[in-house]
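See below for the structure under consideration.
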Amino acid sequence: MIITNIKGGLGNQMFQYATGLALSKQKNTEHKLDLSHFDLYKDPNNKETKRRFELDIFNTHFSIATEEEIEKVKYPYGLISKPIALANFYLQVFDFIKYPITLNPNTKDIYLEGHYPSEDFFKDYEEDIKKEFTLKTETKEFKDFCSIIAKDRRRSVSVHIRRGDYVTNANANKHHGVLDVDYYERVWDILRQQVGELKPYVFTEFKEDIDWVKENMPFLGKDAIYMKDYEFTGPESMMLMSKCRNNIVANSSFSWWGAWLNSNKDKIVIAPKSWLKNGDGRNKRIVPESWIRV
């Protein structure tokens, strides 16, 4: 049994789920989720950005692991299990190993705890994962907007501006940092030179960010569509990103998935050269080779 500890925002939840699903297929065993981390978000002393479990809005197939199953898979070696778990955490964070080391290399029981921010963990099962990451329910409003984007298919581009807790949360700002306007202006010029006329669909986390974008990014033009003007959920917004022909990605797993789920074979995806503020660390393989880094 593969048990995946799910935590963080939607994009991170998807990285974790996809990695666990791929490993379970590789080892031909069942895949279950540990959702206990979401209880920690209720603690007022927890400095993490508050999150909720969101994978159930997709056509994902999963079961929730029991406490007994988690204990058995997470700590299989008695007293020495916890030191091994700490060693695994260190080795994975610094990219020395791909999956947790086990005393039995043939075991099908693995507990995954981490972020796994790279398609390297699940690319072999890309089609399976893309099928799971589709919406269970598509509203009329969502379908109508898919049609609008389809009419602009040749020139449509999603532009994700990630501010939110990257600005307001000191912890997040210290770790992630905020992409400056210069990044967006440079990638806009690069894409326009390759594609020609562009129609931007601008995705922000909060509606108040729209005024900031209009004031600081006039190069996007007056016909830009600001998606926060509409009442789409996070998963719906991600799927709408994937419907655009090309994608401009922020240093955010949310827009990473919007671009990765884009099925356009000749898509151009541009992502930041530096993913994290103080060095990419475990994120150094996050950007696929086919994407442009600026």
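Data for the structure
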{"item": "Heavy-atom accessible surface of the range 43-153: percent carbon and sulfur, 1.4 Å", "result": "55 percent"}
{"item": "Calculated FRET efficiency for the pair Glu231/Val294, C-beta based, R₀ 30 Å, to 0.05", "result": "0.40"}
{"item": "All aspartates and glutamates inside 17 Å of Lys25 as judged from Cα atoms, apart from same-chain residues fewer than 8 positions distant", "result": "Asp109, Glu119, Asp120, Asp124, Glu126, Glu127, Asp128, Glu132"}
{"item": "Relative packing of peptides 266-272, 2-8, 102-108 - highest average C-beta neighbours within 10 Å first", "result": "2-8, 266-272, 102-108"}
{"item": "Surface accessible to a 1.4 Å probe, Glu71 within the full protein complex, Å²", "result": "110 Å²"}
{"item": "Solvent exposure ordering (accessible area, 1.4 Å, most first) of Val93, Val73", "result": "Val93, Val73"}
{"item": "The chain: antiparallel DSSP beta bridges as a percent of all, rounded to 5", "result": "5 percent"}
{"item": "Backbone HN-Hα couplings from phi across the range 239-251 [Karplus 6.51/-1.76/1.60, Hz, Gly and Pro as x]", "result": "5, 5, 4, 5, 7, 6, 5, 10, 9, 9, 9, 8, 7"}
{"item": "Long pairs among Lys50/Lys74; Lys74/Lys98; Lys123/Lys228, criterion Cα-Cα beyond 27 Å", "result": "Lys123/Lys228"}
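The values are calculated or read from the model by the stated rules, or taken from the named source; none is laboratory data. Note that this is a predicted model, so its numbers are computed, not measured. Quick reminder, even Gly has a Cβ in these numbers, built from the backbone with ideal geometry, and neighbours come from all protein chains shown. For the accessible areas, the whole protein counts, side chains as well, though only heavy atoms, and no ligand, DNA or RNA atoms are used. Shrake-Rupley method; radii C 1.70, N 1.55, O 1.52, S 1.80 Å.
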